[in-house]
Amino acid sequence: MKKVFTLMFALATFLAFTSKVQAQMPGTEGDGFQVQVIIDGVITNYLQTNCGYGVSRYGPDVTQEMSAEIVWADGDSLGCTVPTNDLTGKFALIRRGICNFSLKSYNAQTKGAIGTVIANHFNTATENGCSLIIMTGGDSAAKVTTPAIFACRDMATDIATALDAGKKVTMKWVFPRMYDATAAYHYATPVQHVDTLDHITVNYANRSSAAQTDVVLKCDIIAPGGGVSSLQLPIPSVAAGLDSAYNFPSFMPSKVKGEFKAVFSNNKFVESRDTLVRTFEHTDYTWSQANFVNDPGGVGSTNADFLAGDFIYQCGGLVLTGDNAANKKATHISFGISNIDSVYIAGGNSGENDILVFVYDGDPDDNGTIDFADTWDAMNDNFQQVAFGTYTMNGTEKDGILVHPTIADVSGNNFLELEANHPYYVSLLYSGLAANTSRCIRFMNSTEEHYLNFPTTPVYIAKTMYSGWAGSVVMHQLQLDGFVPPVSAKNPVLADNKVAIAPNPATDEVRVDLKLDAVSPGVAVRMIDVNGRIYDYQKMENFQNGQVTFDTQSMPSGIYFVWISTAEGSTVKRVAVCH
């Protein structure tokens, strides 16, 4: 059975860069070109990702391919004053820092530069060389008539090293002839849930001045053992300037463990930039959007946006189950924390160090539509939470090492029974409300992977839904029954005989009775809605037995969840409010 899912509408808000042309945007943002750096005849291609180049929101769009020598802007190399060398017909390489980006571009422009490349730097000794920003304008922005890009540190270092050695470096800004290739639904899929891939796609653009005939697009899928399955898509004619998406025939990959490669090519353009490689992996138990390679530093919002969003950061990842799989029980969610020193509260009680994990049903009415809405809050009537878990940070977590909290379904079973051929979303929710801090958590991530165009990695930050992070994929994983965490779980489930909730359904109030075995240094009880928003919150210190009451008179009728965290374990209980 094929997986055919559609969306009610497409999200328009992105944290991620897109390779599609959006000419209305100022500057180089959305222009869709690739950057080539040529040193000693060797061409290195860079894309708009964290390990490539970033864009500007000032200056003109790039509508034609550009090629020129790149040289340092002499003087202080910061570009805050007019360079001392003639830059006519060249790209100017300028260091980040001191003054704003648009002033650097304007100063280089006055010396004849056709464009500027701002080189990133390291902020800390442990920072990797991939981090990027989007450059915004400041003084002189209205005077800038040449385009600008922002080079990741690794890219800038390669250029600077060659220039310092006296080598000539050529830079080209070229538009791709093939782009947005997708092969799998997510990077990793349990081998038992492997199913037909029916959305193997690529965009092809005829960037020649004449119509092309007898175009053949090709996708070679290379299995872990080396076997190759070739998919071909003949196109009789492609008009000059036509840019379209094409869908290959459906394909069933071998149900074997290991990494597969999908190599996309065509018979008209044969430069290295015209071959695209996508990878996916079959595993024993694991679904994952990320590719298992940690990108140090993690990904998360700015502290200012975290504060503006009521201390809430939530991210998700799509999971699609297969047909006729024998193992349909999910038991754990795995993820990692990259900045534990910033968010862990030493000696914290009352849920101050908790992270809530969810599994959402992406198609609760089974109509074949993933019913996304434009904000997370608006999905109240669309998605349903079907499983929960809690992870309590202990301060020993390390960037690069995953944690593996268990999950339970809404009926209290210590697993989630998955439906066949069905979409789910794994989600991580961190609230800084209990910790009373605006420091946002950063979850472990891999660099960019490529999936279908419906939202696979949604992010909720500052009360807004986004499609994902620029060049990054959060490393949250759903694990099947049989998965054994490499480290024993430190987050037990609170036993059912220690908690009672009444009345249920509730009208005026909900009473939560707790009977713990010993005094807990801190107890946190939260009332959350079906989208994970914290509706009410109470915490107690040195608590063992007693009752917590929530006033429900002003709460809208609907389904809520009581999230309880104690030293003896955590649990989530479903409660209805009816008026």
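Scoring 61-69, 416-424 by mean Cβ neighbours within 10 Å over their residues and listing the highest first yields 416-424, 61-69. Ranked by solvent-accessible area (1.4 Å probe, protein heavy atoms only, all chains present), the residues Arg526, Arg57, Arg278, Arg442 order from largest to smallest as Arg57, Arg442, Arg278, Arg526. Here the dipole of the range 135-246 is about 480 debye; that uses its Cα centre as origin and unit charges on the Cβ of Lys and Arg (positive) and Asp and Glu (negative).
Simple rule: put +1 on each Lys or Arg Cβ and -1 on each Asp or Glu Cβ in the range 427-579, find the dipole, and look at Pro505, Ala518, Cys578; the Cα lying farthest toward the positive end is Ala518.
Only one residue of Met155, Val474, Ile38 has its Cα farthest out toward the positive end of the dipole of the chain, where Lys and Arg carry +1 and Asp and Glu -1 on Cβ, and that residue is Ile38. Under a model in which nothing but the beta-carbon of Lys, Arg (+1) and Asp, Glu (-1) is charged, the range 389-523 shows a dipole of about 500 debye around its Cα centre.
Between the range 310-347 and the range 136-171, the alpha-carbon centres lie 38 Å apart. Helix 153-164: angle to the longest alpha-carbon principal axis of the chain, degrees 0 to 90, nearest 10? That works out to roughly 30 degrees. If you sort Glu449, Glu541 by accessible surface, 1.4 Å probe, largest first, the order is Glu541, Glu449. Solvent-accessible surface of the chain, taken per residue with a 1.4 Å probe and all protein chains present: 40 Å².
Of Cys578, Cys99, the residue with the largest accessible area leads and the full order is Cys578, Cys99 (1.4 Å probe). Return one number: the angle in degrees, 0 to 90 and rounded to the nearest 10, between the long axis of the Cα atoms of helix 101-110 and the longest principal axis of the Cα atoms of the chain. In the chain, helix 101-110 runs at an angle near 0 degrees to the longest axis. For Val55, the accessible area of its heavy atoms, probed at 1.4 Å with every protein chain present, is near 0 square angstrom. Packing, taken as the mean count of other beta carbons within 10 Å per residue, orders the peptides 313-322, 548-557 from highest to lowest as 313-322, 548-557. Taking a ≥ b ≥ c as the square roots of the eigenvalues of the Cα gyration tensor, the range 174-267 is prolate, since a/c reaches 1.5 or more and a/b is larger than b/c. By the helix-only formula, in which each DSSP H run with n ≥ 4 contributes -39500 (n - 2.57) and the sum is divided by residues, the chain has a 222 nm mean residue ellipticity of -1500 deg cm²/dmol. Heavy-atom accessible surface of Lys573, to the nearest 10 Å², is about 50 Å², with a 1.4 Å probe and all protein chains retained.
The portion of the accessible surface of the chain made up by carbon and sulfur, rounded to a whole percent, is 50 (1.4 Å probe; DNA, RNA and ligands excluded). Here the dipole of the chain is about 1100 debye; that uses its Cα centre as origin and unit charges on the Cβ of Lys and Arg (positive) and Asp and Glu (negative). Would you please give the residues with an amide H less than 5 Å from that of Asp536, counting only those at least 5 places away or on a separate chain, with H modeled from the backbone geometry? So Asp536 has HN proximity to Met527. Of the options Met171, Gly89, Tyr430, report the single residue whose Cα projects farthest towards the positive end of the charge dipole of the chain (beta-carbon charges: Lys, Arg +1; Asp, Glu -1). In the chain, that residue is Gly89.
The values are calculated or read from the model by the stated rules, or taken from the named source; none is laboratory data. Model, not experiment: these values are computed from the prediction. For neighbour counting, all protein chains shown are included, and Cβ atoms are generated from backbone atoms with ideal geometry for every residue, glycine included. Surface areas here come from the heavy atoms of the whole protein model, side chains and all, with no ligands, DNA or RNA. Shrake-Rupley method; radii C 1.70, N 1.55, O 1.52, S 1.80 Å.
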